[in-house]
Amino acid sequence: MTSVITSPFTNYALASDINDITDKKTPASKLPSLNWHLWKTNKELSVEYRDITQSNLIEIRAKAVIKSTLSGALLFLQNTENIPRWLHNARSSKIIKKISPTENISLTTFNALWPAKTREMIIRSHYWQNEDLSVEVTMSDESERYSQHGEKGTIKISIISAHWTITEKINGTINIEHRLVAEPNGFIPYWLANRMALKSMWQTLTNIHNQLSKSPHQSQQLPNIRTLSRN
């Protein structure tokens, strides 16, 4: 098993039109934005979005409460062979370069669904644990530096800002929050891309919720991750 943490909501995610000009190195927290709007929710899951001012981009925030351990969640997300089973419309995922046990470069390819063409993302992901035992994962775009690893003719998704926070609760559950701003590129209209992104996000979040608690990774423990019982 190799390690990769991908962003599960970028297969058609978060569009601007082709004339939009955005600084792709600006973190989402620094982008001027409006209030959050609830798109869909149930007892354990929620998907929200907000507009980025002076841009056609939106930021999406997904939240979930799931029965899992911290290590189980990280190992589930890192399992490259398993990613297409929960990441909506993902065709394949692989490691391009392993930098350290907690940092790597990965390539994920998505199937084409009309009217969008085949897309892929190349990201650098890095995770760490905070003093409060929460785990954070940051992801940054590496599509230009590692473009030679992609498929010819495939549109590259540009990751502007992506971040996970995973927090263990005392009742055996974890809280997952994922925030993302990305540019799908190509000629898909932004209003359509945003609609598809929200639907894809909800499906992916539902897949994670249904699969994570039953994953064999729940019986495994990462040596560098502390838990409430092992702290």
Scan of segment 208-218 for residues that are polar (S, T, N, Q) and in contact (Cβ under 8 Å) with a residue 12 or more places away in the chain, ordered by number: Gln211, Ser213, Ser215, Gln218
Residue that is farthest from Asn130 (Cα to Cα), among those in segment 162-192 that are surrounded by fewer than 23 Cβ atoms within 10 Å (Cβ to Cβ) and of a type in the set (Gly, Ala, Ser): Gly186
Of all residues making up segment 67-110, the number that are closer than 17 Å to Trp202 by Cα and touching a strand residue (DSSP E or B) at 6+ places or on another chain (Cβ under 6 Å): 5
Flag for Trp202 being among the aromatic types (Phe, Trp, Tyr), closer than 22 Å to Asn104 by Cα, buried (at least 20 other Cβ atoms within 10 Å of the Cβ) and modelled with pLDDT of 90 or more: no
Selection count, segment 138-158, where residues are crowded, with 20+ Cβ neighbours inside 10 Å and either over 20 Å from the mean Cα position of the chain (by Cα) or closer than 30 Å to Lys214 by Cα (or both): 1
Long-range neighbours under 9 Å by Cβ, at least six apart or interchain, first residue on the phi > 0 side of the Ramachandran plot and surrounded by fewer than 19 Cβ atoms within 10 Å (Cβ to Cβ) within segment 75-99, second assigned to a strand (DSSP E or B) and not aliphatic (A, V, I, L, M): Asn89/Phe110
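The values are calculated or read from the model by the stated rules, or taken from the named source; none is laboratory data. All values reported here derive from a predicted model rather than from experimental measurement. Positions of Cβ are backbone-derived with ideal geometry, glycine not excepted, and every protein chain shown enters the neighbour counts.
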